Amino acid sequence: MKLQYRIPLAIYSVWCIIAILLCEDGLYQMNIWTLVEILGMIALPLLVRPFFILLRIIFRKNSFKTKDMSDNHTVCVFLSALADTSSKKAMKKHFKQLLEMLPSLLRQKKRIYMKSHLLTEARTQKLICSLRRKGLDVTVERRESAMNSVMFCILIVNRILSQWKVPHINPRCGIVILTLKNDSGNRE
């Protein structure tokens, strides 16, 4: 078994021990309700992944969310926290949705701001090439910054609970700012 699967299994084992210790008083007076309580506490972490899957099914229409910034010229585009990024197939689906969303925002003369640990140099280049194939000539400003340590920990815990494996998460965030060059939005 790979290490990335052993760590969540160890965490779950510790949880089971804690659940049994919390219900220790009930073990001396064993009845059906005590057993239900113990089994419920032990099963609680196992319900997180189905809960995430259910939320993804309910809210699967839009992987990306947008937020207008206070200057009225900038739109922040970010991947939904419920988006599944565990496989290449899922990532391709999200990339396709991003490519469908960006042209309309760019044609509105909006500056697009994106920040994500998923925005690597290669993905940014792929995004630019795809936009140019659609007839959009964009100026790109790309930077990298360190991810906030709290956000980094939250991402790891989220992935452990939703995928039951320890993910490799890039501790650096790619920051990409896209703007449409003059007259390139009229083609297509």
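Read the figures in this text as sums done on the coordinates, not as results from a lab. All figures in this text were calculated on a predicted structure; none of them were measured in a lab.
Numbers below:
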| item | result |
| --- | --- |
| Residues of type aspartates and glutamates that K181 reaches as a straight line, Cα spacing below 15 Å, ignoring anything fewer than 8 places off in the same chain | D137, E141 |
| Interchain or long-range residues, amide H under 5 Å from F64's placed H | S80 |
| Rounded to 10°, Cα long-axis angle of helix 3-22 versus longest principal axis of the chain | 40 |
| Entries in K109/K165; K2/K65; K65/K165; K2/K67; K134/K165 that, when Cα-Cα distance is taken, lie over 31 Å | K109/K165; K2/K65; K2/K67; K134/K165 |
| Label corresponding to Rg/Rh (Cα atoms, Kirkwood Rh) when calculated from the structure given, among (i) 1.13; (ii) 1.20; (iii) 1.08 | (i) |
